[in-house]
1. Looking at the stretch A:51-71 only, could you name the residues that are more than 27 Å from B:D179 (Cα to Cα) and within 25 Å of the chain's Cα centre (by Cα)?
2. From the list B:D36, B:D48, exactly one residue is more than 23 Å from B:G76 (Cα to Cα), more than 8 Å from DNA strand C (Cβ to nearest atom) and within 14 Å of chain A (Cβ to nearest Cβ). Which is it?
3. Take B:S43 and decide whether it is open to solvent by 40 Å² or more (accessible area, probe 1.4 Å), within 11 Å of DNA strand D (Cβ to nearest atom), not assigned by TED's automatic domain parsing to the domain that holds B:I106 and not in a helix (DSSP H, G or I).
4. Of (1) open to solvent by 30 Å² or more (accessible area, probe 1.4 Å); (2) outside any helix (DSSP H, G or I), B:I169 satisfies all except one. Which?
5. Here is a list of conditions, (1) surrounded by fewer than 20 Cβ atoms within 10 Å (Cβ to Cβ); (2) in a helix (DSSP H, G or I); (3) among the aliphatic types (A, V, I, L, M), and A:L175 meets all of them except one; can you say which number that is?
6. So B:I192 ticks every box in (1) open to solvent by 60 Å² or more (accessible area, probe 1.4 Å); (2) in a helix (DSSP H, G or I); (3) touching a helix residue (DSSP H, G or I) at 6+ places or on another chain (Cβ under 7 Å) but one. Which box is left unticked?
7. Inspect the stretch B:52-60 for any residue being part of a helix (DSSP H, G or I) and either within 10 Å of chain A (Cβ to nearest Cβ) or at pLDDT 95 or above (or both) and give the result as yes or no.
8. Report the residue count in the stretch A:142-157 for those that are within 20 Å of A:L80 (Cα to Cα) and in a loop (DSSP other than H, G, I, E, B).
2 protein chains.
Amino acid sequence: MITNKNCIIRLSRYKNALYRLQALGFVKVFSDNLADAVGVTASQVRKDFSIFGISGNKKGGYQIDLLLEKLNSILGKDQLQKVIVIGAGHIGSALMRYRGFEKEGIKIIAGFDIDPAKINRSNVIPVLPLDEAKGFIKAQGIKIAILAVPDIAAQEVSEEISAAGIKGILNFAPLRLKDIEGCVINNVNLEIELENLIYFVNVAQKLK
Amino acid sequence: MITNKNCIIRLSRYKNALYRLQALGFVKVFSDNLADAVGVTASQVRKDFSIFGISGNKKGGYQIDLLLEKLNSILGKDQLQKVIVIGAGHIGSALMRYRGFEKEGIKIIAGFDIDPAKINRSNVIPVLPLDEAKGFIKAQGIKIAILAVPDIAAQEVSEEISAAGIKGILNFAPLRLKDIEGCVINNVNLEIELENLIYFVNVAQKLK
DNA sequence: ATCATATTGTTCCGTTTTTCACAATAACAT
DNA sequence: ATGTTATTGTGAAAAACGGAACAATATGAT
């Protein structure tokens, strides 16, 4: 079974590129077209496909619609993914308002916050009290949560929601969460991303 | 010269862990303490340090304050980093309000948007018209930009700002920007992060 | 002063990941 | 029908990466 995160990220990128190509009217695609679009080598594209048993046609490339079907199936996009957001601060509420997830079949169906002032049950995406999260997760069978709470709270909250049934957490809190059995954690750390950028910009400057 | 992004990310994590240890009163640290804090092996810690010529003391470990000094210097944190945000939509304005960057020595000094309704010159972090960005970047010598514009605009805007002097872009638009000579691009793609999480959650389920 | 011990720094080794290279072959041209 | 060509699929080579192991050595104990 595939455990290589980068490989799966590439599949997502292929998929996105394929939609763009499709929108431009293309029906088939060659490995080197996709490679250019995504910024990898053509070999890499073919090998990634081969890992997942995706095959094309000698001299004919890959048929975009079939390819998308397979990629979408691998990526779990053949069903709507219901997601909750924990923490309705700046980042959390921006994510709730962000429309970009919908076209990816990802739907944020509720937010949760500990602050009573943030509660809003009548909103399109309601913001509910944090202590209702556990029941909500169980009742709705939610598997994925976006964690956007202050770092001090992140560890405790992550353990609670995973105990309630969350299997995957996208963590925005700028600290490393302790591994949780049966729960996958992906970190988005904007400070570190910026630091990283700053480093490579500085290095590039020094090279000159 | 180091081109391994993961290695630099680890340096950031070491740094963050060191601040936490320092806050707890620790003065020195051993490679295995840091390893535990960050979730890597002790060998990895020592090797990372060795790459950057950071040395500790046999049997004495590393002195936290000196270590932090070196890491901060490597990561370019010995000077305030002025950053601008392009695009004052949901994500862009959340980032402008986000306080987490300040303690990292990263200061967002202005936002830019093409929509006149978003302009606000009197704000603490002013939001200025997009067509002032070029002049602003040059006048202030800005090197780093956070790009949070709709995907359709991302490519064009990225080329404009890099022509004006931007050397690093943290791109939130969900598409791959064409490589730009002399400009480093890091992508933060939330859709892909979620997709990735969904994939691994599904895989974990199937394994049972 | 000598010895024992803990920890670094680095070399070596195994694994993973990427790239290269080319045989297989389907499509097309003649 | 035959030959040519373009592109895939994959096996082998190379590179990158991380982990284990251990020699070197500073510190502290006796």
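The values are calculated or read from the model by the stated rules, or taken from the named source; none is laboratory data. All of these numbers come straight from a predicted model, not from anything done at the bench. In this analysis, Cβ positions are derived from the backbone assuming ideal geometry, glycine residues included, and neighbour counts consider all displayed protein chains. Calculation scope for accessible area: heavy atoms of the full protein, side chains included, ligands and nucleic acids excluded. Shrake-Rupley method; radii C 1.70, N 1.55, O 1.52, S 1.80 Å.
1. A:I51, A:F52, A:G53, A:I54, A:D65, A:L66, A:E69, A:K70
2. Step by step, each of B:D36, B:D48 is checked, and only B:D36 is more than 23 Å from B:G76 (Cα to Cα), more than 8 Å from DNA strand C (Cβ to nearest atom) and within 14 Å of chain A (Cβ to nearest Cβ).
3. Working: open to solvent by 40 Å² or more (accessible area, probe 1.4 Å): yes; within 11 Å of DNA strand D (Cβ to nearest atom): yes; not assigned by TED's automatic domain parsing to the domain that holds B:I106: yes; not in a helix (DSSP H, G or I): no.
When the stated conditions are applied, B:S43 does not pass them.
4. Only one criterion is unmet by B:I169, namely (1).
5. Single failed check for A:L175: (2).
6. (1)
7. no
8. 2
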